[in-house]
Amino acid sequence: MTSRLEAASSGSHWDTAAFKRRLRRRRSAEKRFKWYGIGAVLLGIFFVFMLFSSIAINGVGAFWQTQIQLDIYFDPAEISEANLYSANYGKLVKQAMYSQFPEVAKRKEKRQLSRMVSVGADVMLQDLVTSDPSIIGTTQSLWFPIDDSFDMLYKNDFGRDPDKGGAGLISKNQLGWFDTLVEKGKIESRFNKRYFTAGDSREPELAGLRGALMGSFFTILVTLAISFPVGVAAACYLEEFAPRNKFTDFIEININNLAAVPSVVFGILGLAVFINFFGLPRSVPLVGGLVLSLMTIPTIIIAGRAALRAVPPSIREGALALGASKTQAVIQEVVPLAMPGMLTGTIIGIAQALGETAPLLMIGMVAFIVDVPGGPLDPSTVLPVQIFLWADSPERAFLEKTSGAILILLAFLIAMNIVAVIMRRRFERRW
Amino acid sequence: MENSTETTNKERIVTRLDDTIFQGRVSESDGADSNLSQKYRMTAKNVNVYYSETHAIKNVSLSIRENEVLSIIGPSGCGKSTFLRCLNRINDIVVGCRITGEIMLDGIDINGGELDVVELRARVGMVFQKPNPFPKSIYDNIAYGPRLHSMVNSREETDEVVYSCLREVGLLSEVEDRINKSGTELSGGQQQRLCIARALAVKPDVILMDEPCSALDPIATAKIEDLIDELRTQYSIVIVTHSMQQAARVSQRTAYFNLGDLIEVGDTGEVFTNPKHKLTEDYITGRFG
């Protein structure tokens, strides 16, 4: 004891071997800690990269569709002004296919040949003729989506290469015809406009996201219109006006808990209250938006209160000292300063709502709906539910459609988060 | 400019201290100076303030006269700011704060129902320790109060109020070219003068200042002190300060608080040169606090 004291007082404490050893250990502990941190970050980046790249690799194909060029003769014998809506457009497509391979004569083979074009081709022709009947009697060179199994064949040899699966989906004859058509330049991969303009379909080559996009748009619109004003008002009241007592504490705890409730519970609540009790229609964005607002409101309240708390009390006092009433001080001075924080919270809450599936399943937004909704009272589905539906479909081609839809959803979410970050940076004030 | 201000300031302090010292005026215990022609603007009688369980102000009676600067000094936590904040009821927003006793503004009890708190705060303006301009333009900062109370009805009237208030605090020449820039972009001293101008814009009777110079450098402080002296001709001013020199420079009367008690109040010269109470003497001579 004395010797240590002496050593310390003489300054030699810092020179002992034991001290050097301790110092070395401290240094290496520091280095180790740093590397653990870097390792954790790298692992995170690796997984994010894996996720994004696998989705991107699978999903990019969805934006391209293999199409076939056919010369359609709009036979006046088949179509006339009188039967625009009942003419046999399918026959025109078949004839165009048969004309590519005149040697095919057997009925079974003819059927195989005509099946190579998407079943949606006749509807496309009908749309074309009804919008412009003057093309009757002419011959038009048009591009049609090819059936999804051939789409897969063209994109990744699915159905030809036994290693890649799909054996038996495509007959030998069809393979031969397909290769001939590719050689003739009649088959091409073209930008898949339908993917963005069409509603859902059982046929992968015809399925599009527009229905889901519009459904999501209306749902989010309803969510925003309800949750933002309610959330901001509640945050203002709780933070600025409410008395501090057991009851407000209780409310605060419940709001925090509400933010952590599994979302499917909100779906059941929505089903019981909005649909069964209030009798609102099923599968509509209005109800979806109501249910999602229940989820979003706690997030907005919590973010809003934090933003209000961050406004320095001197601003409140300044306004009050000039004779502003409490409400005037809060609404004119404090809320505008808290608004960026509130908006950031709102965007994050809305982004969460945009990616939500479970509560919407409960209120019937999972139905197969082909029509694109025109308003918040039309039955529709939303983007994440569409992903869920497509992921459930057996056709191979839906795999890339699913991934493509995920890409679009992710793009929206990332865009919203970037907007939130920019707003936070832009409007952040320092006192 | 700066130099001349400083000199005049110094000269004034010296003369005033001399005056007060050699005049040897009578002590002015509250309520016993009917011989003075000066009217009371605000009177506090037996005021007690409690923060939850803490007894922050103990039975304080103090008056503020017309056209005087009353300084309140005392060690930290002695209740000087608390007392000040009772005078415009800004303490109302503090949770758990309870006030008893009577505070009158021109004969009206400010805690009674007769005077709305909004009117009270317009008539008793306040300047805070830390300059707190609103994060909006200089113009809007000053126009805020008059607009709030509908004292101005047109752009011309607002302009007039804004410019005259800026002129009054000597800020006009400094900010004329950036009157639409944010008030938070000004320097600390300018911000504080802006806050004073903002308080003047609602034409108060009394101005409360809570350590208005504690965040400022000596030059900015001198400017504010000059300003306070000028404002005295039109307003009653109560200033809480940690600086005894400042109290001596700007105020006519000084009150010394200790642990929630009002120990002594009297002419500034009297209090500083011939304190009646031991505690006051210890404090101003630096033996305590």
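The values are calculated or read from the model by the stated rules, or taken from the named source; none is laboratory data. On a predicted model such as this, the values are computed, not experimentally measured, just so you know. Note that we place each Cβ from the backbone using ideal geometry, even for glycine, and neighbour counts take in every protein chain shown. Keep in mind that these areas ignore ligands, DNA and RNA; they rest on the heavy atoms of the full protein, side chains included. Shrake-Rupley method; radii C 1.70, N 1.55, O 1.52, S 1.80 Å.
Quick notes on this one:
- Scanning region A:14-71 for residues that are among the basic types (Lys, Arg) and surrounded by 13 or more Cβ atoms within 10 Å (Cβ to Cβ) returns no hits.
- Screening residue A:186 with (1) over 30 Å from residue A:287 (Cβ atoms); (2) exposed (fewer than 14 other Cβ atoms within 10 Å of the Cβ) gives one miss only, at (2).
- Helices (runs of 4 or more DSSP H) completely within region A:326-393 that count 2 or more residues being more than 18 Å from residue A:199 (Cβ to Cβ) and among the acidic types (Asp, Glu): none
- Residue count, region B:179-212 (criterion: open to solvent by 10 Å² or more (accessible area, probe 1.4 Å), outside any strand (DSSP E or B), touching a strand residue (DSSP E or B) at 6+ places or on another chain (Cβ under 9 Å) and more than 9 Å from residue B:125 (Cα to Cα)): 4
- Lone qualifier among A:428, A:356 - being among the acidic types (Asp, Glu) and modelled with pLDDT under 90: A:428
- Among (1) under 21 Å from the mean Cα position of the chain (by Cα); (2) open to solvent by 40 Å² or more (accessible area, probe 1.4 Å); (3) facing another protein chain (nearest Cβ under 8 Å), the one test that residue B:95 misses: (1)
- Residue match in region A:302-311 (condition: more than 8 Å from chain B (Cβ to nearest Cβ), under 26 Å from residue A:269 (Cβ atoms) and β-branched (Val, Ile, Thr)): yes
- Region A:312-321, subset of a type outside the set (D, E, K, R) and more than 7 Å from every other protein chain (Cβ to nearest Cβ), residue least open to solvent (accessible area, probe 1.4 Å): A:319
- Matching residues, region B:167-178, being in a helix (DSSP H, G or I) and either within 14 Å of chain A (Cβ to nearest Cβ) or within 19 Å of residue B:219 (Cβ to Cβ) (or both): B:172, B:173, B:174, B:175
- Pairing residues of region A:322-347 that are more than 13 Å from chain B (Cβ to nearest Cβ) with residues that are part of a helix (DSSP H, G or I) and aromatic (Phe, Trp, Tyr), at Cβ distances under 7 Å and at least 6 apart in sequence or on separate chains, gives A:346/A:228.
- Residue among B:198, B:193 that is within 26 Å of residue B:118 (Cα to Cα) and free of Cβ contacts under 8 Å to residues at least 60 places away in the same chain: B:193
- Pairs where the first residue, in region A:393-415, is among the hydroxyl-bearing types (Ser, Thr, Tyr) and the second is buried (at least 22 other Cβ atoms within 10 Å of the Cβ) and outside any loop (DSSP other than H, G, I, E, B), C-beta under 7 Å, 6+ apart: A:402/A:387; A:402/A:390; A:403/A:62
- Region B:128-163: number of residues that are more than 14 Å from chain A (Cβ to nearest Cβ) and surrounded by fewer than 15 Cβ atoms within 10 Å (Cβ to Cβ): 7
Residue by residue, here is whether (1) farther than 23 Å from residue A:357 by Cβ; (2) open to solvent by 50 Å² or more (accessible area, probe 1.4 Å); (3) not assigned by TED's automatic domain parsing to the domain that holds residue A:376 holds:
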position	(1), (2), (3)
A:255	yes, no, no
A:271	no, yes, no
A:275	no, no, no
A:279	yes, yes, no
A:282	no, yes, no
A:288	no, no, no
A:297	no, no, no
A:307	yes, no, no
A:310	yes, yes, no
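- Scan region A:400-416 for residues that are out of contact with any helix residue (DSSP H, G or I) (no Cβ under 6 Å at 6 or more places or on another chain) and either open to solvent by less than 90 Å² (accessible area, probe 1.4 Å) or not aromatic (Phe, Trp, Tyr) (or both) and the total you get is 5.
Results for (1) out of contact with any helix residue (DSSP H, G or I) (no Cβ under 9 Å at 6 or more places or on another chain); (2) crowded, with 18+ Cβ neighbours inside 10 Å; (3) at positive phi, shown as yes or no for each residue.
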residue	(1), (2), (3)
B:236	yes, yes, no
B:245	no, no, no
B:253	no, yes, no
B:277	yes, no, no
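- Boolean, residue A:420 is buried (at least 21 other Cβ atoms within 10 Å of the Cβ), over 13 Å from the mean Cα position of the chain (by Cα) and within 19 Å of residue A:304 (Cβ to Cβ): no
- Criterion: crowded, with 22+ Cβ neighbours inside 10 Å, in contact with a helix residue (DSSP H, G or I) (Cβ under 8 Å, 6 or more places away or on another chain) and not hydrophobic (A, V, I, L, M, F, W, C) - qualifying residue of A:381, A:357: A:381
- The set of residues in region A:213-257 that are of a type in the set (S, T, N, Q) and within 14 Å of chain B (Cβ to nearest Cβ) comprises A:245, A:248.
- Pairs where the first residue, in region B:147-174, is on the phi < 0 side of the Ramachandran plot and the second is of a type in the set (Ser, Thr, Tyr), C-beta under 8 Å, 6+ apart: B:147/B:158; B:152/B:158; B:162/B:139; B:172/B:163
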